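Please read the structure below before turning to the comments.
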Amino acid sequence: MTIHIGAQQGDIAETVLMPGDPYRAKWAAETFLDNPRLVNEVRGMLGFTGTWNGHPVTIQGSGMGMPSLSIYANELIREYGAKTLIRIGSCGGMQPHVGIRDVILAMTASTLSTPSRGIFKELNFAPCADWSLLKAAAEAADAKGTKTHVGGIYSSDVFYDERPDLNEQMTRHGILGVEMEAAELYNLAARHSVRALAVLTVSDHLQTGEALPAEDRERSFGDMVDIALTAAFA
Ligand code: HPA
């Protein structure tokens, strides 16, 4: 047990999928894993462990934002020995060619600040995905025929942004989408020599104001889980 995760040692798999929403962790575990069992419910941040094609997998909610994800990812890596961490989540599209329901594989994650900022100070560290996972996810997405974009994303600290100029600059520099967790996951993976990737479904679009209708969410998010699992064991 750790401060925020009630699982026993051995209850957490080396491969962990991390949706922001704990109920999405439950849905993904019940939909994709064999014999899923609840391993964490501290603070309602549900985590499940089961198997996928015989491979042990944990699906653990991260909560929203980098400070929350940082707590869970730190404990998963440092206390439970997680080796492959894949964020599965939603993001806002930031380019005209990026459509609702498309999948974004985050090659890099730009950010204004992260919980790791205290380490980097004036240095602009470049958080990036693990190449083997990124390559395998791109191949898995291709094989499924999912419309997918690979490139940079922006991990923001706020959903309700009072600085639209930052989004404008990100768009101008080719950033594909905005979410709130990946940069810290990539920082931690680099620090602890483990693999990380963010596989994101575009749920809304900053320029068009379009949003994924509630009834479409499950299927679109399912594609993302499938891509993440295939990539983890490629
Ligand atoms: N902003 C930040 N995070 C998000 C968004 C957004 O528009 N959509 C999904 N996650």
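The values are calculated or read from the model by the stated rules, or taken from the named source; none is laboratory data. In this text, all values refer to a predicted model and were calculated from it rather than measured experimentally. Every residue, glycine among them, receives a Cβ derived from its backbone with ideal geometry; neighbour counts consider all protein chains shown. Surface areas here come from the heavy atoms of the whole protein model, side chains and all, with no ligands, DNA or RNA. Shrake-Rupley method; radii C 1.70, N 1.55, O 1.52, S 1.80 Å.
Every test in (1) open to solvent by 10 Å² or more (accessible area, probe 1.4 Å); (2) within 16 Å of the ligand (Cβ to nearest atom); (3) of a type in the set (A, V, I, L, M); (4) over 21 Å from TYR72 (Cβ atoms) is passed by ALA143 save one, and that test is (2). As for segment 213-222, it holds no residue that is away from the ligand (no atom under 15 Å from the Cβ), out of contact with any Asp or Glu (no Cβ under 9 Å at 6 or more places or on another chain) and within 22 Å of THR114 (Cα to Cα).
State whether the residues of segment 111-127 include one that is within 14 Å of VAL199 (Cβ to Cβ) and buried (at least 23 other Cβ atoms within 10 Å of the Cβ). Checking segment 111-127: not a single residue is within 14 Å of VAL199 (Cβ to Cβ) and buried (at least 23 other Cβ atoms within 10 Å of the Cβ).
In segment 177-192, of all residues being buried (at least 18 other Cβ atoms within 10 Å of the Cβ) and more than 10 Å from the ligand (Cβ to nearest atom), the one that is nearest to ASN74 (Cα to Cα) corresponds to LEU188. Pairs meeting the criteria (first residue in segment 125-145 and among the hydrophobic types (A, V, I, L, M, F, W, C), second residue exposed (fewer than 14 other Cβ atoms within 10 Å of the Cβ), beta carbons under 8 Å, at least 6 apart or on different chains) are ALA136/ALA234; ALA140/ALA234.
Those residues that are touching a strand residue (DSSP E or B) at 6+ places or on another chain (Cβ under 9 Å), assigned to a helix (DSSP H, G or I) and open to solvent by 10 Å² or more (accessible area, probe 1.4 Å), I need them from segment 210-220; list them, please. If the condition is that a residue be touching a strand residue (DSSP E or B) at 6+ places or on another chain (Cβ under 9 Å), assigned to a helix (DSSP H, G or I) and open to solvent by 10 Å² or more (accessible area, probe 1.4 Å), then ARG217 is the only one that fits. Filtering segment 20-40 to residues that are open to solvent by less than 50 Å² (accessible area, probe 1.4 Å) and part of a loop (DSSP other than H, G, I, E, B) leaves GLY20, LEU33.
If you check GLU75 against the conditions, is it loosely packed, with under 14 Cβ neighbours inside 10 Å and modelled with pLDDT of 95 or more? Taking the combined requirement at face value, the residue does not satisfy it. Evaluated against (1) in contact (Cβ under 8 Å) with a residue 60 or more places away in the chain; (2) within 16 Å of the ligand (Cβ to nearest atom); (3) outside any helix (DSSP H, G or I); (4) out of contact with any helix residue (DSSP H, G or I) (no Cβ under 9 Å at 6 or more places or on another chain), GLY174 falls short on exactly one condition, (2). Is it the case that GLY61 is within 16 Å of the ligand (Cβ to nearest atom) and open to solvent by less than 10 Å² (accessible area, probe 1.4 Å)? It is true that GLY61 is within 16 Å of the ligand (Cβ to nearest atom) and open to solvent by less than 10 Å² (accessible area, probe 1.4 Å). Does segment 193-209 contain at least one residue that is in a helix (DSSP H, G or I), open to solvent by 20 Å² or more (accessible area, probe 1.4 Å), out of contact with any Asp or Glu (no Cβ under 6 Å at 6 or more places or on another chain) and at pLDDT 95 or above? No: segment 193-209 contains no residue that is in a helix (DSSP H, G or I), open to solvent by 20 Å² or more (accessible area, probe 1.4 Å), out of contact with any Asp or Glu (no Cβ under 6 Å at 6 or more places or on another chain) and at pLDDT 95 or above. All conditions but one from (1) within 18 Å of the chain's Cα centre (by Cα); (2) loosely packed, with under 13 Cβ neighbours inside 10 Å; (3) more than 16 Å from the ligand (Cβ to nearest atom) apply to VAL158; the one that does not is (3). Take segment 133-163 and flag every residue that is touching a Lys or Arg at 6+ places or on another chain (Cβ under 7 Å) and small (Gly, Ala, Ser). Scanning segment 133-163 gives no hits. Yes or no: segment 41-58 includes at least one residue that is open to solvent by less than 10 Å² (accessible area, probe 1.4 Å) and in a loop (DSSP other than H, G, I, E, B). For segment 41-58, residues open to solvent by less than 10 Å² (accessible area, probe 1.4 Å) and in a loop (DSSP other than H, G, I, E, B): absent. Screening segment 79-103 for residues that are under 21 Å from THR15 (Cα atoms) and within 11 Å of the ligand (Cβ to nearest atom) and picking the one that is least open to solvent (accessible area, probe 1.4 Å) gives GLY89.
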